[in-house]
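A.B. asks: One structure is given below, represented as structure tokens, and several questions about it will come after.
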Amino acid sequence: MNYILAAPAIPSLPVIGSDQRFPVRRVFCIGRNYAEHAREMGATVDKAAPMFFCKPADAVVADGADVPYPTATADLHHEVEMVVALGAGGRELEPAAAAALVWGYGVGLDLTRRDLQAQAKAKGHPWDVAKAFDHSAPVSALRPAAQASVDADTVLRLHVNDELRQQARLGEMIHDVPHILAALSRLFELKPGDLVFTGTPAGVAALQRGDRFHAELVGVAELAGQIV
Ligand code: MN
């Protein structure tokens with residue numbers, strides 16, 4: 001192809017147990033998917049209407065890499081989340097068919113400029129500057145679903161500087177993965193390479209420069225890094 005600029009590299013993630021990488025196409029996120037987190041944010045949950053937002057694919061940061069503290073905020077928050085990686089696409093799917101799109105699992109941080117999000121909520125503005133900034137999506141290496149044991153008792157947790165900040169069972173999710181993907185597929189045609197952040201449990205809090213984070217989807221994937 002004869003582009004006028006150097007074409008950007010395709011963001012990608014390592015695959016556990018493989019030399020191959022997973023190419024990231026888009027990053028979708030669901031909000032308010034754990035009741036205790038919705039409560040701590042003072043939000044109400046509409047179970048019939050899951051709430052979605054997006055991050056750019058090149059916001060993904062790989063395991064072990066430093067995460068620069070973002071500009072324009074004084075309140076960077078962590079949100080630990082299970083991430084599902086899609087190996088196939090589709091639109092207007094039923095939950096059972098949507099579940100079959102899942103290729104693998106990881107764990108990520110939906111980093112959030114909480115002060116800008118509060119301003120956006122107050123003004124009725126979009127969340128992009130609060131959620132979709134550079135380096136806002138650290139994600140672990142991905143484990144293929146065929147080699148992963150993920151169920152309602154799988155534990156999601158985050159330590160910051162060896163202090164436990166967030167912990168939940170996946171069974172606490174309001175919308176499970178098949179229903180998240182089915183709802184998304186009615187809004188977007190899902191594609192292979194899409195990542196979906198599946199919501200954070202209670203305990204979100206601030207990160208400072210120098211903080212070291214360690215996120216786990218226990219027995220499946222781990223993510224470590226430092227805010228610099
Ligand atoms: Mn989130």
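The values are calculated or read from the model by the stated rules, or taken from the named source; none is laboratory data. Since we're looking at a predicted model, the values are computed, not measured. All Cβ positions, glycine included, derive from the backbone under ideal geometry; neighbour counts span all protein chains shown. Areas reflect the complete protein model, heavy atoms only, side chains present, ligands, DNA and RNA absent. Shrake-Rupley method; radii C 1.70, N 1.55, O 1.52, S 1.80 Å.
A.B. asks: Of the residues F213, F188, which is modelled with pLDDT of 95 or more and in a loop (DSSP other than H, G, I, E, B)?
C.D. replies: F188
A.B. asks: Check whether at least one residue in region 96-114 is more than 13 Å from the chain's Cα centre (by Cα) and within 24 Å of Q208 (Cα to Cα), and report yes or no.
C.D. replies: Yes: one or more hits.
A.B. asks: Just to be sure I understand the filter: pairs with C-beta atoms under 7 Å, separated by 6 or more residues or on different chains, first member in region 197-209 and near the ligand (Cβ under 9 Å from one of its atoms), second member charged (D, E, K, R) and at pLDDT 95 or above. Which pairs pass?
C.D. replies: As it stands, the answer is F197/E81; F197/D110; T198/E81; G199/E81; T200/E79; T200/E81; T200/D110; V204/E79, since those pairs meet every condition given.
A.B. asks: Of the residues R25, R32, which single one is within 18 Å of the chain's Cα centre (by Cα), surrounded by fewer than 18 Cβ atoms within 10 Å (Cβ to Cβ) and basic (K, R)?
C.D. replies: After applying the criteria, what remains is R25.
A.B. asks: Is it true that Q226 is of a type in the set (S, T, N, Q), assigned to a strand (DSSP E or B) and open to solvent by 40 Å² or more (accessible area, probe 1.4 Å)?
C.D. replies: Answer is yes for this residue.
A.B. asks: Can you name every residue in region 22-51 that is charged (D, E, K, R) and either modelled with pLDDT of 95 or more or over 20 Å from A206 (Cα atoms) (or both)?
C.D. replies: Result: R25, R26, D46, K47.
A.B. asks: Of (1) in contact with a Phe, Trp or Tyr (Cβ under 7 Å, 6 or more places away or on another chain); (2) basic (K, R); (3) without any contact (Cβ under 8 Å) to a residue 24 or more places away in the chain, R113 satisfies all except one. Which?
C.D. replies: (3)
A.B. asks: Restricting to region 16-33, and then to whatever is part of a strand (DSSP E or B) and more than 19 Å from W127 (Cα to Cα), can you tell me which residue is nearest to the ligand (Cβ to nearest atom)?
C.D. replies: F22
A.B. asks: Between a residue in region 1-21 that is more than 21 Å from A145 (Cα to Cα) and any residue that is open to solvent by 60 Å² or more (accessible area, probe 1.4 Å), which pairs come within a Cβ distance under 6 Å, given they are 6 or more apart or on different chains?
C.D. replies: Every condition considered, the pairs that remain are I10/P23.
A.B. asks: Still on this structure, please answer the following. Within region 163-185, how many residues are in a strand (DSSP E or B) and either away from the ligand (no atom under 16 Å from the Cβ) or out of contact with any Gly (no Cβ under 9 Å at 6 or more places or on another chain) (or both)?
C.D. replies: Total meeting the criteria: 3.
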